[in-house]
Amino acid sequence: MLNWIWLGLILIAVLFGAWNGRIDAVQAAAFESAKSAVNLVIGMTGFMIFMLGLMEIAKQGGLLVAIARWLRPLLCRLFPHVPPEHPAMGAMVMNMASNVLGLGNAATPFGLKAMEELDRLNPRPGVASDSMVLFLAINTSSITLMMPTGTMVIRDQLGSAAPAAIWVPTLIATTCSTVAAVAAFYLLRGRPRYALGAGPEPAPPEPAAAPADAEGTADVGEPPAPMGLTQKLVVWGFAVALLAGLCFQTTRLLAENSPFETVKLISKDWLVPTLVAALLLVGVAGRVRVYEAMVVGAREGLQVVVRIIPYLVAILVAVGMFRASGAMELLVRGLDPLTSAVGFPGEALPMALLRPLSGSGALGIMADILETQGPDSFVGMLVSTLQGSTETTFYVLTLYAGAGRVRELRHALPACLIGDLAGAAGATVACHLFFG
């Protein structure tokens, strides 16, 4: 699908530019967009490396394990047909814990392992079980507690005065998408079109033993060692001092602003420094050698940056040519009356349509919109929030269905798309609430 979209953008741009006399602008946009894409990646490299280094510190400090253990009781209720000690449950727990922390690279291997193990429990091979469908619905709409680092870095690179301002709207949007996707799963599974056909999904027998495999996906690991006196003094001393500073500044801001404005100012200036300090303290509490762990994560960050360069160049050149030809302006002008009626500006529509198809493509369109509309404009805030509100639905379904050897997805696609729609609606409402 993305192949045809990318090809169509370029061919339409050339034809449209040839007919309306803008072919020179199309040519100039191809060169300028390629240059802008590389400059954008260079600018975002430093902070991306730094943040992924911090995430490695937190992971080694036990944050992933802690969230996984917190999620396990909830998942046991949501997936009653998966035995609590089965490797499928361990893989799902680790996948969702990784998604909650925004560790997409770590989440994918756990997700593939989960689908493989769920296939072993599936009484109807080739047809997605209820457990598979629900797992896919949650996976494509997962709540993310951490700030969307890549989006924040791009916003900062393009001159945003508040790169982290989208964190709370993104959290609201992902919550809406997850709740809607799970609700759609329960509402649709009883419909004749999606029914399994022979009554409820049978519960598989409890396995006698389910040892962890070589990848460790059957269990969530051991918690970190208890803190020593030095670690306790550092962690609690810093936390108390920071909390006291936050209370003092909040009191000062409340004397000059409304409570809502105070929350916006605090989220604008405090989120990034507080997050950095919190992740470091997780490492201290887990007795991690923080500098060495930082370097390990930073190497991964550099690899991520290198990987996204071809995707950004390809999509930004195509979008730049499409915009320069005048075709984008015509598309937006035609759709804007419909989308604006529900508070969704037409300029953000290309991003919303491409997001379920391609993460890299949507990232490129978001970067183009931020550059042309401004990162702190309403449209800029909205597309930034949309980037973090849902997953690349079709990619995830294709990848995970292959791992689970599923040919018939039943109601997985409708549930996931409902989650995408709810995420876009939640992002729109949240951005209107926070940014006007």
Report yes if Leu243 is at pLDDT 85 or above and surrounded by 13 or more Cβ atoms within 10 Å (Cβ to Cβ), otherwise no.
-> no
Filtered residues of the stretch 304-329 (kept if free of Cβ contacts under 8 Å to residues at least 60 places away in the same chain and either crowded, with 16+ Cβ neighbours inside 10 Å or under 18 Å from Ala348 (Cβ atoms) (or both)) | Tyr311, Met328, Glu329
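Per-residue answers, yes or no, for (1) without any contact (Cβ under 8 Å) to a residue 60 or more places away in the chain; (2) open to solvent by less than 40 Å² (accessible area, probe 1.4 Å):
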{"position": "Val38", "(1), (2)": "no, no"}
{"position": "Met48", "(1), (2)": "no, yes"}
{"position": "Leu54", "(1), (2)": "no, yes"}
{"position": "Ala58", "(1), (2)": "no, yes"}
{"position": "Gly61", "(1), (2)": "no, yes"}
{"position": "Ala68", "(1), (2)": "no, yes"}
{"position": "Pro73", "(1), (2)": "yes, no"}
{"position": "Pro83", "(1), (2)": "no, yes"}
{"position": "Gly90", "(1), (2)": "no, yes"}
Ala183 closer than 30 Å to Asn122 by Cβ, modelled with pLDDT of 80 or more and open to solvent by 30 Å² or more (accessible area, probe 1.4 Å) | yes
Select the helices (runs of 4 or more DSSP H) contained entirely in the stretch 97-169, then report the ones holding at least 1 residues which are open to solvent by 30 Å² or more (accessible area, probe 1.4 Å).
-> 104-121, 149-157
Could you please find all residues in the stretch 370-396 being more than 18 Å from Pro345 (Cβ to Cβ) and hydroxyl-bearing (Ser, Thr, Tyr)?
-> Thr390, Thr392, Thr393, Tyr395
What number of residues in the stretch 144-191 are closer than 16 Å to Phe434 by Cα and free of Cβ contacts under 8 Å to residues at least 40 places away in the same chain?
-> 1
Filtering the stretch 390-421 down to residues that are charged (D, E, K, R) and within 17 Å of Ala195 (Cα to Cα), which residue is surrounded by the most Cβ atoms within 10 Å (Cβ to Cβ)?
-> Arg410
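The values are calculated or read from the model by the stated rules, or taken from the named source; none is laboratory data. Since this is a predicted model, take the numbers as computed values, not measurements. All Cβ positions, even for glycine, are placed from backbone atoms using ideal geometry, and neighbour counts span all protein chains on display. Only protein heavy atoms, including side chains, enter the accessible area calculation; ligands, DNA and RNA are left aside. Shrake-Rupley method; radii C 1.70, N 1.55, O 1.52, S 1.80 Å.
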